[in-house]
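Participant: Before I ask anything, let me first share the structure, which is written out below as structure tokens.
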Amino acid sequence: MKQWPLPDLVMNLTYSQAIEFDRSYAVNQRESLEFNGNLVTLKFKDRGRNDTRNPVTAKDSAVVSNIKFDSSRHSIDLKLPLNSGSKKSSSLTEYTVTVLLVDDQEMIGEAVRRMLASEKDIKFYYCNDPAQAINKALEVKPTVILQDLVMPEIDGLQLLRFFRANSLTRDIPMIVLSSKEEAELKAQAFSLGANDYVVKLPDKVELIARIRYHSKAYMHLLERNLAYQTMQDYLEKLEIEQKKSQELLLNILPEAIAERLKKEQGIIADEFAAVSVMFADIVGFTQLSASILPKQLVHLLNDIFSKFDELAEKHGLEKIKTIGDSYMVVAGLPNPRDDHGDAIAEMAIDMQAAIAKYREELGLNLSIRIGIHSGPVVAGIIGTKKFIYDLWGDTVNTASRMESHGIPDGIQITEATYLLIEDKYEFEKRGLISVKGKGQMAAYLLKGRFEIDL
């Protein structure tokens, strides 16, 4: 259907400017035009000619005889510009203009009801008991409240104070109704939170305009509050997720390294001149795996390593990784400490005790073999996926050899570590042992702490 701009059409056919169009199309084939989705029937005064091909000029008069609103197909929003082709959706449509009138005179309530009866989009509620006004407001959730100032049971200004003191009603627009038009009374009402002041009864058009104005402002406020609360809820959830991510990251990396990883791109590598590295292997675990279910085996290993994790945290050590049934931990990084030898020795003794307890309580033939060496290392993160904080250097290799060349239920250490802690613990000297890739090395077995006689 061809669209004709109605204002231009009426003007061009009404005034002296001539327009020409195909009359056979415009009149014979079309008796109506569509304007903004509504049918407009046009009547032309024929000049008496039968030749439908002759153009129509300004001498022909055209009038809009009837505007048909087909409600089954069309709806008109009178607030839209005339040339608007479609109605834009608004979240304001989620709210309904709702009026609550608080007035002890029922004839006033009936008068206002009749004023608003033709406004199909406005809901009206009436409360003639001011003592129940706030409860009624909480029930109907008005977008504007009309309140009388002179009522027998309660002073209107006092009721206004009550509305503004209640957190659930303090933002609702208040239009004060009064038979008095006194400047001092108006000023007092506004000072207590009134949004408007109307001498009753106002003109219907004026009252409806004020109701719509204040309701629209309040609905915008509700929308802003909802948007703000939605944003706050989102930020709270985001903060929770960030904490979860942080906790997960700290389960993988030392805190200092995690913070650097957030800021730095590429390789992270640091040299540490003095640390103590430990490898621990659970002896008998391979044989145990053949006699129990895989799921039971994993649960047992998880229990043991979780206990080791607790001990590492207790002694301020940094767990590096687990490899099968082996556990690697280091003292002295990423935060250097002078007592790294003591800390690793305490960890080793406690790990021995933990395995002994598992062996006794579960009746399992388990033991632990531990190897320790002290010296310089390089620590850091390499690669781009599945980050792990790892160690490199001869100190790491030597500690691993101390474990693999050790004995069950033994804590074997190198001379470098022995020299750091010799005056605080009991040792058994093993002498020189042949170490793969290292040749002959002096080794010691850490037997326990010195007992202090009290």
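Participant: I'd like the full set of residues that are surrounded by fewer than 14 Cβ atoms within 10 Å (Cβ to Cβ) and either of a type in the set (V, I, T) or assigned to a strand (DSSP E or B) (or both), limited to the stretch 343-387.
Facilitator: P376, I382, T384
Participant: For the stretch 368-386, check the following and say yes or no: at least one residue is more than 27 Å from F272 (Cα to Cα), in the same structural domain as K307 (by TED's automatic domain parsing) and under 51 Å from the mean Cα position of the chain (by Cα). Give the steps one after another, and end with the answer.
Facilitator: Taking the stretch 368-386 as the starting set, the residues that turn out to be more than 27 Å from F272 (Cα to Cα) are 368.
From what is left, the residues that are in the same structural domain as K307 (by TED's automatic domain parsing) are 368.
Cutting the leftovers down to under 51 Å from the mean Cα position of the chain (by Cα) gives us 368.
Yes; the residues of the stretch 368-386 include at least one that is more than 27 Å from F272 (Cα to Cα), in the same structural domain as K307 (by TED's automatic domain parsing) and under 51 Å from the mean Cα position of the chain (by Cα).
Participant: Do we find a residue being closer than 25 Å to E426 by Cα, buried (at least 19 other Cβ atoms within 10 Å of the Cβ) and over 37 Å from the mean Cα position of the chain (by Cα) anywhere in the stretch 304-317?
Facilitator: No, there is no match, as no residue in the stretch 304-317 is closer than 25 Å to E426 by Cα, buried (at least 19 other Cβ atoms within 10 Å of the Cβ) and over 37 Å from the mean Cα position of the chain (by Cα).
Rundown of residues vs (1) touching a helix residue (DSSP H, G or I) at 6+ places or on another chain (Cβ under 7 Å); (2) surrounded by 12 or more Cβ atoms within 10 Å (Cβ to Cβ); (3) more than 14 Å from H373 (Cβ to Cβ), yes/no style:
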| residue | (1), (2), (3) |
| --- | --- |
| E415 | no, yes, no |
| I421 | yes, yes, no |
| Y425 | yes, yes, yes |
| K429 | no, no, yes |
| I433 | no, yes, no |
| Y444 | yes, yes, no |
| G448 | yes, yes, yes |
| E451 | no, no, yes |
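Participant: Would the stretch 316-339 turn up any residue that is assigned to a helix (DSSP H, G or I) and either assigned by TED's automatic domain parsing to the domain that holds A269 or under 21 Å from E415 (Cβ atoms) (or both)?
Facilitator: Step one: filter the stretch 316-339 for residues assigned to a helix (DSSP H, G or I), giving none.
Within the stretch 316-339, not a single residue is assigned to a helix (DSSP H, G or I) and either assigned by TED's automatic domain parsing to the domain that holds A269 or under 21 Å from E415 (Cβ atoms) (or both).
Participant: On to the next question. (1) at pLDDT 90 or above; (2) closer than 30 Å to T417 by Cβ: which one isn't true of L222, the others all being true?
Facilitator: Failed condition: (2).
Participant: Looking for whichever is exposed (fewer than 14 other Cβ atoms within 10 Å of the Cβ), among the basic types (K, R) and outside any helix (DSSP H, G or I) here; the options are R161, R170. Which one fits?
Facilitator: Numbers: R161 fails: outside any helix (DSSP H, G or I).
Going through R161, R170 in turn, just one is exposed (fewer than 14 other Cβ atoms within 10 Å of the Cβ), among the basic types (K, R) and outside any helix (DSSP H, G or I): R170.
Participant: Among the residues of the stretch 191-202, is any crowded, with 18+ Cβ neighbours inside 10 Å and among the β-branched types (V, I, T)?
Facilitator: The answer is no, given that none of the residues of the stretch 191-202 is crowded, with 18+ Cβ neighbours inside 10 Å and among the β-branched types (V, I, T).
Listed here are the residues, each with its yes/no results for (1) closer than 26 Å to A343 by Cβ; (2) surrounded by fewer than 13 Cβ atoms within 10 Å (Cβ to Cβ); (3) in the same structural domain as T96 (by TED's automatic domain parsing).
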{"residue": "Q232", "(1), (2), (3)": "no, yes, no"}
{"residue": "L235", "(1), (2), (3)": "no, yes, no"}
{"residue": "I240", "(1), (2), (3)": "no, yes, no"}
{"residue": "N251", "(1), (2), (3)": "yes, yes, no"}
{"residue": "P254", "(1), (2), (3)": "yes, no, no"}
{"residue": "F272", "(1), (2), (3)": "yes, no, no"}
{"residue": "V277", "(1), (2), (3)": "yes, no, no"}
{"residue": "T286", "(1), (2), (3)": "no, yes, no"}
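Participant: For the stretch 399-412, name all the residues that are touching a His at 6+ places or on another chain (Cβ under 9 Å) and either assigned to a loop (DSSP other than H, G, I, E, B) or touching a residue at least 60 places away in the same chain (Cβ under 8 Å) (or both). Give the derivation first.
Facilitator: Keep residues of the stretch 399-412 that are touching a His at 6+ places or on another chain (Cβ under 9 Å), which gives 399-402, 412.
Those that are touching a His at 6+ places or on another chain (Cβ under 9 Å) and either assigned to a loop (DSSP other than H, G, I, E, B) or touching a residue at least 60 places away in the same chain (Cβ under 8 Å) (or both): A399, S400, M402.
The values are calculated or read from the model by the stated rules, or taken from the named source; none is laboratory data. Quick caveat, the model's predicted, so the values are computed rather than measured. Neighbour counts run over all protein chains shown; Cβ positions are idealised from the backbone, glycine included.
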